[in-house]
Amino acid sequence: MVLHSYAKLNLYLEVLNKRADGYHNIKTLFERIDLADKITLNPTAGGKTTIISNSRLIPKDKKNFAYQAAELLRKEYRISEGLRIHIEKNIPVGAGLAGGSSNAASVLMGLNKLWNLRLSRSKLAGFAARIGSDVPFFVHDAPFAYGHGRGEKISIVNSLKSRRLWHILVVPNLAVSTPSIYRHWDLLKDNKKARLTRPKLGVKILTSSIRKRLVLSSNSGFYNGLEIVTIKKYPELNSIKNQLRNLGLKAILMSGSGPAFFSIIASRKEAVRRFKQLKGFRSWRVFLTKTR
Ligand code: C5P
């Protein structure tokens, strides 16, 4: 069984507060994009899950979210069959694009069919939330959705269901750990000099600008409260963002805890032109991508 496992961007990410369980309540707008890993599931003999991949950067053991997804279902439904998961990695690792979370969601949905489990969407989303905060979004199989709680509570944004955005995605050569960025947010939160930003406009305003195709205006409401935290930790990211700005890109925002930056581009033609312009730079990888 072959599955496409897509990446996400956060068009809006507001960190509200730290919770007693250590997580943070957030408000986010997810967008699924067509940058994807290819996952192949093969039944094997002998009750075990194995992970193989072309990437040296992902764990092949129980730390891998795809592995956790398979084992969760295996234990719950007492599956004795073995499984080999092949992950062809195309999504940059540790970039804020939720590649590992997406792989877990694909495995949950794939095994639901392969093992004939007939689990409902909400049941799958429940398993997804046990693996990671970003996993449920992908189980909901929608191009745009709001996330709240720690990001695991999902509501699909129906008003955007036929909207497609073009992006240039720029991924600096640096892997960022999400927990360390949230820890940094905690440290900076009460420090006035840190200038943690508040959103000027709410997520509903952003949604309405996207719906009305007003996203290229300067006050359309894109916002990521973690961006300043990640940039403070890795100041070189500021010069990358400035370079992108100087090249004329608009609406540039970090995704998740970074360090990937994306820009909204008005048309496919313009996106192709930008892609050619940016791909020669050595300090980052560049992708041409759109809503999926
Ligand atoms: O849920 P996930 O495994 O992706 O989260 C990884 C880590 O990121 C958590 O252990 C926590 O430190 C941090 N996190 C958080 N608040 C969130 C999501 C993640 O503090 N909403």
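Here, each number is a calculation from the coordinates, and none is a lab measurement. This structure is a prediction, so every number in the text was calculated from the model and none was measured. Every residue, glycine as well, gets a Cβ built from its backbone with ideal geometry; the counts of neighbours run over all protein chains shown.
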| field | FRET efficiency for ASN90 and GLN277, using Cβ-Cβ distance with R0 set to 25 Å, rounded to 0.05 | value | 0.70
| remark: For 101-108, 199-206, ranked highest to lowest by mean beta-carbon neighbours within 10 Å, the order is 101-108, 199-206
| With contacts defined as alpha carbon pairs under 8 Å and 6 or more residues apart, what's the relative contact order of the range 1-56 in percent? | 40 percent
| With charges set only on the Cβ (+1 for Lys and Arg, -1 for Asp and Glu), what does the dipole of the chain come to about its Cα centre, in debye to the nearest 20? | 700 debye
| task | Please report the relative contact order for the chain, taking Cα pairs under 8 Å with a sequence separation of at least 6, and give it as a percent rounded to a whole number. | result | 23 percent
| By average Cβ neighbour count within 10 Å, what is the ranking of 19-32, 241-254, 85-98, 62-75 from highest down? | 85-98, 62-75, 19-32, 241-254
| field | Fewest-first sequence of ARG282, ARG268, ARG121 by Cβ atoms within 10 Å of each Cβ | value | ARG282, ARG268, ARG121
| How large is the charge dipole for the range 160-290, taken about the Cα centre, if only the Cβ atoms of Lys, Arg (+1) and Asp, Glu (-1) carry charge, to the nearest 20 debye? | 560 debye
| request: With no solvent and one equal point scatterer placed on each C-alpha of the chain, evaluate the Debye formula and give log10 I(q)/I(0) for q = 0.11, 0.12 Å⁻¹, two decimals. | output: -0.64, -0.77
| request: Mind computing the radius of gyration and Dmax over the alpha-carbon atoms of the range 170-264? Å is fine for both. | output: 13.9, 38
| query | Across 5 Å bins from 0, what is the distribution of all Cα-Cα pair distances for the range 2-158, in whole percents? | reply | 2, 10, 19, 22, 20, 14, 9, 3, 1, 0
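Compute the relative contact order of the range 2-158 as a whole-number percentage, counting only Cα pairs closer than 8 Å that sit 6 or more residues apart in sequence.
Worked out over the range 2-158, it gives 27 percent.
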| remark: Cα-based Rg/(2.2 N^0.38 Å) for the range 210-255, rounded to two decimals, is 1.27
